[in-house]
Each structure stands twice: as structure tokens, then as C-alpha cells.
Ligand SMILES: *Cc1c(COP(=O)(O)O)cnc(C)c1O
């Protein structure tokens, strides 16, 4: 099935007489009359629900839908995008291990990898997204557990060179983890380009309505852990699961992540948020087409405007990442762009305050257009050098183009630029 069909049909199929859409299964626990059946569940010998800290039917419907959209095998609904990334790291990393990560990533991810994980003994080595393969490869050693990058980086709007990273990972039998939040599986499917694990903040386009926080991990089940000396914990019996050996299972990473990390952290998505996100997913393909067409018009308008210094939007032919966008996101690069106003940070503030339709928000990637000045908000904790490394100039404005009428948005931008 194509993405439009999967968006509305995948993930849940009722039996006769059941509700057409998944119900919000608002129950922490599940009844069993048979104690052997319960024991089998605890041993992961059979499928079923027993406690909503581990799995829940509403969450499972969304997991199946997003796994189908990504062309992956197994989904894990998480409390937020950040918890999806944290749980991914905890599934494979321990003290003494390291992660190799693009510098151009979401600010929260940067904090997790640069500040919090090092406190647990996990080091993160950052590379410039545009750096040559040899330079990135030098960061990999035998304690590296994965390379991490975003399909379309937030907020730097850099397009990932999948081929470059996938080749390094293949050479080193190393996991390739991709944050596909801003592209969504409608515009890009990372498994087709060599990724092994895909993570999402479903809080953004997948929910799409700014209604529900959530994250998703999708296991492509396309990586061989068995006998790989880089991941000894996958070959050793898990004493907390009666000697289960994850590398023997068809879904090694996903099962280990749920059995150990979701179990131990409780960072699972709530049924209410899974329900709202499932509804959002129904229109994801339609919305992404409109986000792309609107953003393309706006990027052209801004590029030609005398008060704009530069525009970063990979669908623009003049953009440094246009060739990568054409290859990996041929149907469009989404609604996110950034641009520089000719002027200071104060000019950026004047411009944003003059907007009438487009609002100032921390959020991005939902139906309503919004702007943000990262240097003074989301990224204000970063040093000047880290800001520059993350591709964030003081006059950078991040614009998330919604699904309103493009001409209304252009008029709003035009009026506000007149104030600068
Ligand atoms: C927002 C975002 C996250 C974090 O997601 P939350 O749901 O806010 O925890 C991670 N990665 C990217 C690319 C994001 O845009």
C-alpha cells in the first residue's frame, strides 16, 4: 500500500462489532483467569497486555501504524521524542561507550548527548553534517554504539546524506539511528537508505495539531546483532528475563528496548496521547503535501525579499542541500525553514511581534504557522561556539509553515518585514 492508504488504514483493524477506531484503553492492568498464561507473558513467550507501563492496546495501534508507514518491523510508543532518543541510547550504551552524532540536531538531543549522557559515562562525539566521510569515520572506535543524525535537521534545515553515513555504519557493523521527525515517513523512509532504527517526536507533524506529546522508536529489524562483538549484551542471557538472548529474536533491538528500558523507565506513551496521535496520523499524507507546497511558495517569496539576507530551505534550487533533498526527499522537504533578517536580534524581535497570523511559539511542525528565534529561546543555553556549530546565527528566524492559505501567510510576512 502507498503512504496515503497506510496513513488511514494501517495499525488497527476491528473485528465484527468492535469500534471502528481504536478505543482509549484507559486501564493500567489487564485480567487473566489463567496463571500459566500470565507466566508466559512475563517470560515474553506469548503476546498480550498485562500492565500499561510495558504495553497498551491504544499505544500498540499507533506503534503498528507508524511502523507500517516507515516500512519497519516493530514500533515502541514513548512518552516524548526525547524519551524515544534516551531509550534508544540506553538500549545499547553503557559506561565507557560512545555515540557519534551530527552537530546539527535538535537542541534537546544535543543536551542529552553532550551533557546528560556523559554524566553516566557515555561520551558523544559530534561531527559537522557536511564533513567528508573519512573525517566522520575517524570518530568511530570499537566502543561506538551508533551514529545518529536527523533526516532534516531542526533547526539547521540540513538534509542528511544517508549514503555517506550508511556506508560508514556498514563498514563497522554499526547501528545507524535516524531522527525522522521533520521529514515524516510521508516524505522520506530512512530504512530504504540504510537506517536500522528510526526515532520520532510524534509531537510534531505526526500528531500535527499540537495536542499530544509523544515519541516513537521503529526497529527496522535489518541489523545482525548475533556474534557482533560491538554489542555483547545482545548475545548474553538477560538474567532479568530468565536468560532470554535478544540476538536470537527476530526483533532484537525493539524487544530489548521494551523488555528492559520501557520496563525500567516507564517512559511509555499514554493511551490518551496515542489516541490523539493516531487521529492525527490519518491526515498526515494530506497535510505534508500542503506544508510542502506552502513552504515552497514562501521560501521563494523570502528569497526575493530585500530585507532577507539568506533562506535555508532545501527545496530551493539555490540551497546547499538541494541535491540531497532531490535524492532523498523528492516530494518535498516539509514546512520548516530558516532565514536571516538583514539586521540584529532586536530586528528579529520587531519582525516577529509585527506578525498577525503567524505566532511566536516554541513548538514547530503543526497545522498552524509559527516562528521562533532559537538564539534567544530553545538554544539560549548553548555557548556562542556551540550555537555556530549548530548552524544558528543571531539573526536566524525559524519558520514552521502551516496549512493555512499561502497568500495570507505571505501577506503577513510582507507586512511584518516592512517594520524592520
Ligand atoms: C521536538 C523534537 C524532538 C524532541 O521531541 P519531544 O516530543 O519534544 O520530546 C526530537 N527531535 C526532533 C527533530 C524534534 O524536532
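Worth a mention:
- Among the conditions (1) buried (at least 21 other Cβ atoms within 10 Å of the Cβ); (2) in a loop (DSSP other than H, G, I, E, B), residue 6 misses just one, which is (2).
- Pick from region 164-202, criterion over 14 Å from the mean Cα position of the chain (by Cα) and closer than 30 Å to residue 402 by Cβ, ranking: nearest to the ligand (Cβ to nearest atom): 193
- Test: residue 76 is in contact with a strand residue (DSSP E or B) (Cβ under 7 Å, 6 or more places away or on another chain), surrounded by 22 or more Cβ atoms within 10 Å (Cβ to Cβ) and assigned to a helix (DSSP H, G or I): no
- Single match in 373, 305 (criterion: in contact (Cβ under 8 Å) with a residue 24 or more places away in the chain, touching a strand residue (DSSP E or B) at 6+ places or on another chain (Cβ under 7 Å) and within 22 Å of residue 416 (Cα to Cα)): 373
- Helices (runs of 4 or more DSSP H) wholly inside region 81-161 containing at least 2 residues that are away from the ligand (no atom under 11 Å from the Cβ) and more than 19 Å from the chain's Cα centre (by Cα): 133-137
- Search result, residues across region 214-231 that are touching a helix residue (DSSP H, G or I) at 6+ places or on another chain (Cβ under 6 Å) and either outside the structural domain of residue 63 (by TED's automatic domain parsing) or buried (at least 20 other Cβ atoms within 10 Å of the Cβ) (or both): 214, 215, 216, 217, 218, 219, 220, 225
- Among the candidates 39, 61, the residue that is buried (at least 21 other Cβ atoms within 10 Å of the Cβ) and more than 17 Å from the chain's Cα centre (by Cα) is uniquely 61.
- Only one of the numbered conditions (1) buried (at least 24 other Cβ atoms within 10 Å of the Cβ); (2) in contact with a helix residue (DSSP H, G or I) (Cβ under 8 Å, 6 or more places away or on another chain) is not met by residue 163, and that is (1).
- Residue count for region 321-360, restricted to those that are more than 15 Å from residue 409 (Cα to Cα), part of a loop (DSSP other than H, G, I, E, B) and touching a residue at least 40 places away in the same chain (Cβ under 8 Å): 9.
- From the list 253, 223, the one residue that fits, being assigned to a loop (DSSP other than H, G, I, E, B) and more than 15 Å from the ligand (Cβ to nearest atom), is 223.
- Residue match in region 373-395 (condition: closer than 15 Å to residue 302 by Cα, assigned by TED's automatic domain parsing to the domain that holds residue 288 and at pLDDT below 90): yes
- Among residues of region 189-202 that are over 18 Å from residue 82 (Cα atoms) and without any contact (Cβ under 8 Å) to a residue 40 or more places away in the chain, those with a Cβ under 6 angstrom from a residue that is more than 8 Å from the ligand (Cβ to nearest atom) and in a helix (DSSP H, G or I), sequence gap 6+ or separate chain, pair up as 194/162; 194/166.
- Filter pass, residue 46 being away from the ligand (no atom under 16 Å from the Cβ), without any contact (Cβ under 8 Å) to a residue 12 or more places away in the chain, assigned by TED's automatic domain parsing to the domain that holds residue 251 and touching a helix residue (DSSP H, G or I) at 6+ places or on another chain (Cβ under 7 Å): yes
- Residue among 346, 320, 314, 365 that alone is under 28 Å from the mean Cα position of the chain (by Cα) and loosely packed, with under 15 Cβ neighbours inside 10 Å: 320
- Test: residue 285 is outside any loop (DSSP other than H, G, I, E, B), more than 16 Å from the ligand (Cβ to nearest atom) and either closer than 17 Å to residue 151 by Cβ or modelled with pLDDT of 95 or more (or both): yes
The values are calculated or read from the model by the stated rules, or taken from the named source; none is laboratory data. Just so you know, these numbers come straight off a predicted model, no measurement behind them. Here Cβ is always computed from backbone atoms with ideal geometry, including for glycine, and neighbour counts include all displayed protein chains.
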